[in-house]
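Working notes for the structure below.
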Amino acid sequence: MFNDIGPLELVTLIVLAVLVFGPDKLPKVIQDVTRTIRKIREFSESAKHDIREELGPEFKDFEFEDLNPKAFIRKQLDNEDLGLKEIRNGFDLKKEMAEVTDAVHSRDSGTSSSGSAGSSGGRIDMTKKPETPDRDDRPPFDADAT
């Protein structure tokens, strides 16, 4: 319940509790808080028990933690009946990425070594800077576009 509270935060809470309630009333407040938490837990457990009884024997394995979407999905993905582990293990992402990288590098090296300087087979060389137009060259004018 308090897994994310560090020792410094706990000491700070204790000091604040002593300052707010005082050393005389603090034990009584702690008892009241623990009694209230205990009653809430008992009420929750009795409600869970009543719900399980009302659902019947077909829901005897029902867990309320399964209502959490993360827990439900994790439980379904770990289910052996669906065969999802086999599918998940069938994908080797590192291998796929290595194949893609090899394919890209071999394609780049193949076009640069086999292609001549003047002809690129209809491809645009993205490494060259575009030529700057002359001052007298105007861009094409389209009367319908304006």
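The values are calculated or read from the model by the stated rules, or taken from the named source; none is laboratory data. Fair warning: this is a prediction, and the values are worked out from it, not measured in the lab. When we count neighbours, we look across all protein chains shown, and the Cβ atoms used for this are built from the backbone with ideal geometry, even at glycine. Keep in mind that these areas ignore ligands, DNA and RNA; they rest on the heavy atoms of the full protein, side chains included. Shrake-Rupley method; radii C 1.70, N 1.55, O 1.52, S 1.80 Å.
The table that follows gives values for the structure above.
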| read-out | value |
| --- | --- |
| Any hit, region 127-137, residues being surrounded by 10 or more Cβ atoms within 10 Å (Cβ to Cβ) and either part of a loop (DSSP other than H, G, I, E, B) or at pLDDT 75 or above (or both) | no |
| Region 1-46, residues that are under 30 Å from Phe64 (Cα atoms), open to solvent by 100 Å² or more (accessible area, probe 1.4 Å) and β-branched (Val, Ile, Thr) | Ile40 |
| Scope region 50-72; condition modelled with pLDDT of 80 or more and either open to solvent by less than 100 Å² (accessible area, probe 1.4 Å) or of a type in the set (D, E, K, R) (or both); matching residues | Asp50, Ile51, Arg52, Glu53, Glu54, Leu55, Gly56, Glu58, Asn68, Pro69, Lys70, Ala71 |
